[in-house]
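Structure first, then comments.
All of the numbers you see were taken from the coordinates with simple rules; none came from a lab. Treat the numbers as computed from the prediction; the structure is a model and nothing was measured. Glycine also receives a Cβ, built like all others from the backbone with ideal geometry; neighbour counts cover every protein chain displayed.
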Amino acid sequence: MSNYYYLIAGLPDLTLEDSKLSYTVSGFREGDIYPSLSDADKRLIDLFYLKFDHANVLKLLKNKDAEIDTRGNFSAVELAEYIAAIKEGGAVNPKEFPSYLVTFITNYFSDMPAGDDPELPENGLAALYYAYGMESKNRFVASWFEFNLILNNVFAALTARKYKTEVSRNIVGDTAITETLRTSGARDFGLTGEVTYFDQLVKISEIDELLEREKKIDRLKWNWIEDEIFFHYFSVERIFAFLLKIEMIERWLSLDKERGKEMFRELIGSLKDDVRIPAEFK
């Protein structure tokens, strides 16, 4: 395993409340860090960026001229070529294009269920992506994917119960925990002892205010990352964790900007409501 003493020593300390960033998700691979990694460690970082590729694949399958998210590993031209090759039954090198995307696209064109729900290809692709990530030989990365799969599925199950909809339809993946969520009638789905943070998830799910709930979720993720990389001082795990944190901070900076616009619109609206226009000018 490679160690990156100088690279990691030069990384800034981050907090979820940071109001500006010196790195971005889109620019991370263009800086000094990514080019300095070993080929094996670059592939781990690419695994993070695959989430953008699979969203792009969904777009291009529905509209070949769709505008894609440029943060992915593959360009629109490359994705179009892979999609065309898979559609025609051609062989695709799994070292060049992820096997889970090959599986998904193959099933898509053969009218086979792409995952858990044939009516929701996003769920099927998400399940395949999680499974692909959990197969990583890097324990931290594999655990991160497993943690997110559990977290998202527990929230989906709790929400389904709250609104009295079918739980199983909202669960993705094929693990012991996902099967328990699909079939258990217990109040805690029988997961209190197995998922150590289950009670935290329940409390977060009960928060009505959307932004507050999202902030609690990201705080839980942030703390999980901190705990898991505690003993990874100068290895790729800390770089992967740094990238995860950048993504969270970026999202909040974007949300804060949108919230600022919304508050401004509300202010203008209230000012208009307060103004009384004389009848002769109406």
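Remarks
- Note: relative contact order over the chain, using C-alpha pairs below 8 Å and six or more positions apart, is 21 percent.
- Modelled FRET efficiency - R0 41 Å, residue 254 with residue 186, Cβ distances, 0.05 increments: 0.60
- As a proxy for reagent exposure, ranking 144, 224 by other Cβ atoms within 10 Å from fewest up yields 224, 144.
- Rounded if a/c under 1.5, otherwise prolate or oblate - the range 9-168, Cα gyration tensor axes: oblate
- Cα-only radius of gyration and Dmax that characterise the range 22-112, units Å: 14.2, 45
- Radius 10 Å from Cβ of residue 78, net charge of other residues (Lys, Arg +1; Asp, Glu -1): -3
- Label-point gap, in nm, between residue 16 and residue 62 - each point 7 angstrom along Cα→Cβ: 3.0
- The residue 42 and residue 165 beta-carbon pair, evaluated with R₀ = 30 Å, returns a calculated FRET efficiency of approximately 0.10.
- A simple rule links phi to the HN-Hα coupling: the Karplus curve 6.51 cos²θ - 1.76 cosθ + 1.60 with θ = phi - 60°, which for the range 84-101 gives 5, 5, 5, 4, 7, x, x, 7, 10, 5, x, 7, 9, 9, x, 4, 5, 6 Hz, with x for Gly and Pro.
- Three-way shape label, the chain, alpha-carbon gyration tensor, a/c 1.5: rounded
- The chain, helix-only ellipticity at 222 nm - DSSP H runs n ≥ 4, -39,500 (n - 2.57), divided by all residues, nearest 500: -19500 deg cm²/dmol
- Cross-link check: pairs 95/216; 64/203; 62/95; 64/137; 164/215 evaluated at a Cα-Cα cut-off of 31 Å; pairs beyond the cut-off: 95/216; 64/203; 64/137.
- Relative contact order, percent, the range 1-152 [alpha-carbon distance under 8 Å, six or more residues apart]: 12
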